[in-house]
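The values are calculated or read from the model by the stated rules, or taken from the named source; none is laboratory data. A quick note: this is a predicted structure, and the numbers were derived from the prediction, not measured. Here the Cβ positions follow ideal geometry from the backbone for every residue, glycine too, while neighbour counts run over all protein chains shown. Ligands, DNA and RNA are stripped out before the accessible areas are found, and what is left, the full protein with its side chains, is counted by its heavy atoms. Shrake-Rupley method; radii C 1.70, N 1.55, O 1.52, S 1.80 Å.
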Amino acid sequence: MLKVLLQYDAYFRHDLWEHVSQTPTFANILFLNAYQMFLGAARMALSGHPAAVFPLVRTALESASYGYLMEQQPTLSEVWSNRHRSEADKKACRNAFTFDKAIKGFAHKAPDIDRLAKDAYEAAIDYGAHPNFKGVFGHVSINEDRPDGMVAVTHNSLYGSGHHETIRGICACLDFGFAIIGIITLSGQNATEKLQDELQTLNDAKEAAIAAYQSAR
């Protein structure tokens, strides 16, 4: 999995930009932000701190999808950049930019990546991008059988390299990383045969890397 993370990082830094519009736009800044958030998530995952992974990968996916939306509707760049100008502008920005709205229509370009992105987004919320019961109590254990009659409540933050929570965090980075790469590279009008081959190579590497850890996802 580490080798594939490095492979994804190399793709982000080099090949990905061959398929992105060269016009300097806010969309490109959002794509760069998605990469930076992905790096942050990968660092958290490799540290054994999975609770901090999912807020980062969710934001990375949103950043990529908002950039994709701007590429399809360039006038929304102004809506996004004016967010802090007034309460009305903030409301307009919130209304225009949601993950569901941003990704709408992407399925016709790449239905498999669209499905992965939506499933990953929902999973991120479940596993900690929102402070819900499942995401929080997945790291809590309760021992009611102490010899002193007390109840011990333990909240884990860091896990060992082989723990299923650590594996889940790394697998999440790979799933989100592929979805983010797919959304960014397909933000243009046409997918070339070269891009299709590159995406297939990245997906094959990901699936091979996580095959032994499916139960941890």
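Brief remarks follow.
- Gain on full stretching of the segment that runs from residue 18 to residue 73 - 0.36 nm per residue minus C-alpha separation: 17.7 nm
- Relative to the current alpha-carbon distance between residue 90 and residue 192, full extension at 0.36 nm per residue lengthens the span by 33.0 nm.
- Kirkwood Rh (inverse of mean 1/r, distinct Cα pairs), the range 129-186, angstrom: 14.3
- In the assembled protein chains, residue 146 presents an accessible area of approximately 100 Å² (probe radius 1.4 Å).
- Mean Kyte hydropathy of -1.0 or more with a Cα span along the axis of at least 18 Å, helices from DSSP in the chain: 26-46, 53-72, 111-124, 164-185, 193-210
- Here the spin labels are modelled as points 7 Å beyond Cα on the Cα-Cβ line, and at residue 151 and residue 134 they lie 2.4 nm apart.
- Tensor-based shape of the chain (alpha-carbon gyration tensor, a/c under 1.5 rounded, otherwise prolate or oblate): oblate
- Summarising the label geometry, the points placed 7 Å from Cα in the beta-carbon direction at residue 36 and residue 119 lie 3.1 nm from one another.
- Accessible area per residue in Å² at 1.4 Å probe, computed on the range 1-146: 54
- Most mobile of 30, 158, 61 in a GNM of the chain (Cα contacts under 10 Å): 158
- Tally of Lys pairs whose C-alpha atoms are under 24 Å apart, taken over the range 1-113, 8 or more apart or cross-chain: 5
- Of 153, 140, 57, the one that fluctuates the most in a GNM where the chain has Cα springs shorter than 10 Å: 153
- Rounded to the nearest whole Hz, the Karplus-based 3J(HN,Hα) values (6.51 cos²θ - 1.76 cosθ + 1.60, θ = phi - 60°) of the range 146-152 follow the sequence 5, x, 8, x, 7, 10, 9, with x at glycine and proline.
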